[in-house]
Amino acid sequence: MKSIVDCVGLHRLTIAEGPPGPSKYHTMELHLEISFPGAMTDVKFGNQIQPRGTPKMRKWLLTASALALTVAVSQPSLADVTIDDIVNDATTSNDVVSYGLGTQGQRYSPLNKINKDNVAQIVPAWTMSLGGEKMRGQETQPLVKDGVMYITGSYSRAWAIDTKTGDELWQYDARLPEGILPCCDVINRGGALIGDKFIFGTLDAQLVALDSKSGKVVWKQKIDDYKKGYSYTAAPLIVPSDAHGPLLVTGVSGGEFGIIGRVEARKAETGELVWSRPTIEGHMGMLNGKESTMTGKKNESWPGDLWKTGGAATWLGGTYDAETKQIFFGTGNPAPWNSHMRPGDNKWSTARIAINPENGEINWGFQTTPNDGWDYDGVNELVSFDLDGTKAAATADRNGYFYVLNRENGKFIRGFPFVEQITWAKGLDENGRPIYDPANRPGDPTKSKDGKKGSSVFVVPSFLGGKNWMPMAYSPDTKLFYVPANEWGMDLWNEPVTYKAGAAYLGAGFTIKPIFEDHIGALKAIDPATGKIVWSMKNKAPLWGGVLTTAGGLVITGTPEGYLKALDAKTGEELWKFNTGSGIVGSPITWEEGGEQMLTVVSGWGGAVPLWGGEVAKTVAHLNQGGMVWTFKLPKSVASK
């Protein structure tokens, strides 16, 4: 068998010859194998009995070869995703190959074909249903490369979709075991592309690498034991390293079960673990299969043995800054919630940490809520941006304060409230440390009459946060951050608790309540240089979806009521909205294809609010679940103007 064509790895033309012998005739069979997104096509051009070496035989070969090439090149060409593609994702417009539209997490697109002058005229280009009975929350952010969209969905599922038609190319369903312990719905926030692989995590704490063309499993790696409370829902982060090549960087979920948070890096090609960095002091890191260094100093800010079950889950994933070559991760609440059991700062819980990708060492850390007693996870994304010549980074914390840090060294630049009526703290000091109000920390249950329930307090914001997981966006054009915020409070009290593997480890009770009658959600445009809230869009239900901003002067986000909205980035004026039929808790993207700007969001109501929302959950109980991919564009008559 002789290969005479091997074009860009997408097809192979072979000629099978009859057995050699004295006959002056032989059989020629031409066979073409074409692989393209989601399918493998075999084209056979028939058997021909031809005289050896005759012009007729050569003509047949040339005709068949030309036909084969025509068929092959008409299919989409899938090129591998390189680490340069990922690092430069923020500046390119024809694809989206990273979570956050760039590893910095700015969620800004340089596209402006859809803009504030014509956005009111965009229409659906196609839709695709996720199908089945597996609805629940759809918190994914799609990725796009070479005419193929990759998404994840509830219950640890993944799809590849033809971006021209919305046709499903392949689907992968993880086989989840009984007894998984996700705290906040069976969601997934997205995957990662690198090389010829699409990689995402599952609710039973595994990483799965799929062949991006076929959806077939290439490798699987276990993160940890789901029976102990570990799970995984975040989009993995791909970063460069000099020593190890492209690294797949992940965290862990399970902070409500007393697990130990950590950040880990694996070789993207094989899933082999390179380093692991625990987020709680006293625990040893790992590098190249051996113990490396301890995180912090044992018992420096943790009493007794509580550091052994200290939480600080890294459940939201991270960002990467190519200029300083640092990975930024947020860490969750210390365990248990009852802060009277663990006096001290409880490092590095409720913090942002900067990690060296070469060895997993922590370069610096900044705690937003030391000795957290309100479940104010510090996991929210740290977004790199430039501030008057300073390499800065910003985060909108669950505790209701917006922080601007020097991303080179973690030094505090400024901080200010971005939600109203904060009660747990009186403000921030010159170093960004909270000035606590002791009256608004829930009481110690050991000092109560029955020893079973401490005194209750009403505190703002609620533990679901001034901002939860849903990513904000930053526009270098307006120099504003666009933050999906929520205004709510909670009754909170402490209870005794004992750690048991695989059981909830809270030591607290709560009821979430709204603080305003007309709204809970508020999309806010914030100036990081001054702390000024430039404009605010109020929403009746809590906002739970991500934000996108573009060079077209737009801010785009979704609401639980099902509307995808486009706003004027400078004024907040609503310019367009479209009801997708179910609440939007995912993150929109935009890219250019065939000269047209496309806009996509996945809708499907769910997430933590219906499960943990207390009185607020009752107000959104009427919202319907779903699972649809919606893609929009301008009509050609408008786009050509």
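The values are calculated or read from the model by the stated rules, or taken from the named source; none is laboratory data. Keep in mind the model is a prediction, meaning the values are calculated, not measured. Cβ placement follows ideal geometry from the backbone for every residue including glycine, while neighbour counts extend to all protein chains displayed. Surface areas here come from the heavy atoms of the whole protein model, side chains and all, with no ligands, DNA or RNA. Shrake-Rupley method; radii C 1.70, N 1.55, O 1.52, S 1.80 Å.
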Of the residues in segment 473-520, those that are of a type in the set (D, E, K, R), open to solvent by 40 Å² or more (accessible area, probe 1.4 Å) and without any contact (Cβ under 8 Å) to a residue 40 or more places away in the chain number 3
Within segment 185-216, restricting to residues that are basic (Lys, Arg) and touching a Gly at 6+ places or on another chain (Cβ under 9 Å), the one that is most open to solvent (accessible area, probe 1.4 Å) is Lys213
Within segment 111-137, residues in a loop (DSSP other than H, G, I, E, B) and at pLDDT 95 or above come out as Leu111, Asn112, Lys113, Ile114, Asn115, Lys116, Asp117, Asn118, Ile122
Within segment 220-229, restricting to residues that are without any contact (Cβ under 8 Å) to a residue 40 or more places away in the chain and either assigned to a loop (DSSP other than H, G, I, E, B) or on the phi > 0 side of the Ramachandran plot (or both), the one that is surrounded by the fewest Cβ atoms within 10 Å (Cβ to Cβ) is Asp225
Within segment 465-511, the residues that are among the β-branched types (Val, Ile, Thr) and assigned to a strand (DSSP E or B) are Val483, Thr511
- Query: in a strand (DSSP E or B) and among the polar types (S, T, N, Q) - does that describe any residue in segment 512-534?
  - Reply: no
Listed by range, strands (runs of 3 or more DSSP E) wholly within segment 370-443 having at least 1 residues that are open to solvent by less than 10 Å² (accessible area, probe 1.4 Å) and in contact with a helix residue (DSSP H, G or I) (Cβ under 9 Å, 6 or more places away or on another chain) are 425-428
All conditions in (1) open to solvent by 40 Å² or more (accessible area, probe 1.4 Å); (2) under 19 Å from the mean Cα position of the chain (by Cα); (3) farther than 22 Å from Thr395 by Cβ are true of Ala322 except (3)
- prompt: Being surrounded by fewer than 22 Cβ atoms within 10 Å (Cβ to Cβ) and either within 30 Å of Ala508 (Cα to Cα) or in contact with a helix residue (DSSP H, G or I) (Cβ under 8 Å, 6 or more places away or on another chain) (or both), is that true of even one residue in segment 623-632?
  reply: yes
Sole miss for Asp450 among (1) out of contact with any Ser or Thr (no Cβ under 8 Å at 6 or more places or on another chain); (2) touching a residue at least 24 places away in the same chain (Cβ under 8 Å); (3) among the acidic types (Asp, Glu); (4) open to solvent by 60 Å² or more (accessible area, probe 1.4 Å) is condition (2)
**Asked** Going by the structure shown, is Ile362 out of contact with any Asp or Glu (no Cβ under 8 Å at 6 or more places or on another chain), open to solvent by 10 Å² or more (accessible area, probe 1.4 Å) and modelled with pLDDT of 95 or more?
**Response** yes
Scanning segment 330-359 residue by residue, the ones that are open to solvent by 20 Å² or more (accessible area, probe 1.4 Å) and assigned to a loop (DSSP other than H, G, I, E, B) total 8
Checked segment 168-184 for anything open to solvent by 30 Å² or more (accessible area, probe 1.4 Å) and outside any strand (DSSP E or B); matches are Arg175, Leu176, Pro177, Glu178, Gly179, Ile180, Leu181, Pro182, Cys183, Cys184
Selection from segment 138-157 of residues modelled with pLDDT of 95 or more and open to solvent by 10 Å² or more (accessible area, probe 1.4 Å) yields Lys145, Asp146, Gly147
